[in-house]
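**Q** Here it is, the structure in full.
The values are calculated or read from the model by the stated rules, or taken from the named source; none is laboratory data. Just so you know, these numbers come straight off a predicted model, no measurement behind them. Here the Cβ positions follow ideal geometry from the backbone for every residue, glycine too, while neighbour counts run over all protein chains shown.
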Amino acid sequence: MNTAAPVALVTGGNRGIGRETARQLAGLGHTVLLSARRSEDAERAAAEPVAPGGSGTLLPCRLDVTDADSVRALASRVEEEFGRLDVLVNNAAVNYDTARRAVSVDLDEVRRTLETNLFGAWRTTQEFLPLLRRSPHARVVNVSSESGSLEGMSGGTPAYGVSKAALNALTRKLADELRADRILVNAVCPGWIATDMGGPGGAPVDQGATRVVWAATLPDSGPTGGFFRDGEPLPW
């Protein structure tokens with residue numbers, strides 16, 4: 001393992017955009033902690049080859065972003081093994097609830113969605129912040145969705161849409177507060193991607209992951225506090 005390589009953590013990295021993001025970052029030479037709620041899922045995903053020609057490493061790890069003890073345990077492991085974190089990709093998300101309506105959705109379902117999609121990212125960022133501050137080029141990427149954009153928001157998909165709008169708001173808060181630490185924090189919409197969550201008909205998963213990797217590898221002069229797809233700003 002190259003101890004000088006950038007160290008990245010991808011939450012929800014065992015499938016879909018998370019898995020492909022981890023592979024692409026490893027292909028660029030990163031040491032990537034590919035996390036999943038179940039250790040066996042992380043191990044299975046990390047056993048796949050990295051992007052062609054890649055010199056990085058995929059390391060499987062267990063992480064449940066809804067469990068403070070789980071997040072704390074992984075942060076302790078990263079501190080012990082690497083002493084820093086260079087990239088945090090908050091990708092873990094649940095419940096694309098297209099069949100629900102805000103007027104009737106079970107609020108317990110909404111709370112469960114927020115626990116992963118908002119509070120999971122918030123909790124993980126807070127816990128890993130001391131390690132991010134030790135990096136000379138730290139990046140935080142919140143994997144969001146255009147369904148969280150207030151400008152074009154309509155009815156339907158209430159839990160998911162509200163959770164992503166809140167994640168976008170968190171992105172702005174963190175970016176402003178961490179500007180002095182030179183930590184770039186951005187939200188990225190991968191677009192409609194053909195994954196288990198997105199369903200058939202979307203763009204290839206590698207395309208969505210490339211949009212996330214762009215924000216994870218921004219130069220120091222890059223933007224912070226933005227909401228992007230294909231490197232172009234999206235309306236909030």
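**Q** With the requirement that a residue be within 16 Å of residue 141 (Cβ to Cβ) and not small (Gly, Ala, Ser), what does region 182-193 give you? Talk me through it step by step, then tell me what you get.
**A** Here is the first cut: in region 182-193, the residues within 16 Å of residue 141 (Cβ to Cβ) are 182-191, 193.
Within region 182-193, 182, 183, 184, 185, 186, 188, 189, 190, 193 meet the criteria.
**Q** Can you tell me how many residues within region 1-45 are closer than 12 Å to residue 59 by Cα and among the hydroxyl-bearing types (Ser, Thr, Tyr)?
**A** 3
**Q** Out of all the residues in region 90-101, is one or more loosely packed, with under 15 Cβ neighbours inside 10 Å, farther than 18 Å from residue 63 by Cα and either within 20 Å of the chain's Cα centre (by Cα) or not polar (S, T, N, Q) (or both)?
**A** The initial filter retains those residues of region 90-101 that are loosely packed, with under 15 Cβ neighbours inside 10 Å, namely 98-99, 101.
From what's left, farther than 18 Å from residue 63 by Cα: 98-99, 101.
The next check asks that each one be either within 20 Å of the chain's Cα centre (by Cα) or not polar (S, T, N, Q) (or both); those that pass are 99, 101.
Yes: region 90-101 contains one or more residues that are loosely packed, with under 15 Cβ neighbours inside 10 Å, farther than 18 Å from residue 63 by Cα and either within 20 Å of the chain's Cα centre (by Cα) or not polar (S, T, N, Q) (or both).
**Q** Counting residues that are touching a His at 6+ places or on another chain (Cβ under 9 Å) and among the aromatic types (Phe, Trp, Tyr), which helices (runs of 4 or more DSSP H) fully inside region 1-81 reach at least 1?
**A** Per the criteria, no element qualifies.
**Q** Can I ask one more? Considering only region 62-90, state which residues are touching a helix residue (DSSP H, G or I) at 6+ places or on another chain (Cβ under 7 Å) and farther than 14 Å from residue 130 by Cα.
**A** Result: 62, 63, 64, 65, 66, 68, 89, 90.
**Q** Residues in region 30-52: is at least one of a type outside the set (Asp, Glu) and touching a residue at least 60 places away in the same chain (Cβ under 8 Å)?
**A** no
**Q** Can you pull out every residue in region 15-60 that is more than 20 Å from residue 81 (Cβ to Cβ) and polar (S, T, N, Q)?
**A** 21, 24
**Q** Please find, among 205, 188, the residue that is within 15 Å of the chain's Cα centre (by Cα) and at pLDDT below 95.
**A** Matching residue, one of 205, 188: 205.
**Q** Follow-up question, since we're still on this one. For residues that are assigned to a loop (DSSP other than H, G, I, E, B) and not aliphatic (A, V, I, L, M), scanning just region 103-118, find the one that is surrounded by the most Cβ atoms within 10 Å (Cβ to Cβ).
**A** Only one residue fits best here, namely 106.
**Q** A follow-up question, please. Which of the residues spanning region 60-101 are in contact (Cβ under 8 Å) with a residue 60 or more places away in the chain, out of contact with any Lys or Arg (no Cβ under 9 Å at 6 or more places or on another chain) and hydrophobic (A, V, I, L, M, F, W, C)?
**A** The one that is in contact (Cβ under 8 Å) with a residue 60 or more places away in the chain, out of contact with any Lys or Arg (no Cβ under 9 Å at 6 or more places or on another chain) and hydrophobic (A, V, I, L, M, F, W, C): 82.
**Q** Of the residues in region 116-169, how many are farther than 25 Å from residue 5 by Cα, out of contact with any helix residue (DSSP H, G or I) (no Cβ under 6 Å at 6 or more places or on another chain), of a type in the set (Gly, Ala, Ser) and touching a residue at least 40 places away in the same chain (Cβ under 8 Å)?
**A** 6
**Q** For residue 12, work out the one condition from (1) crowded, with 18+ Cβ neighbours inside 10 Å; (2) modelled with pLDDT of 95 or more; (3) on the phi < 0 side of the Ramachandran plot it doesn't fulfil.
**A** Answer for residue 12: the failing condition is (3).
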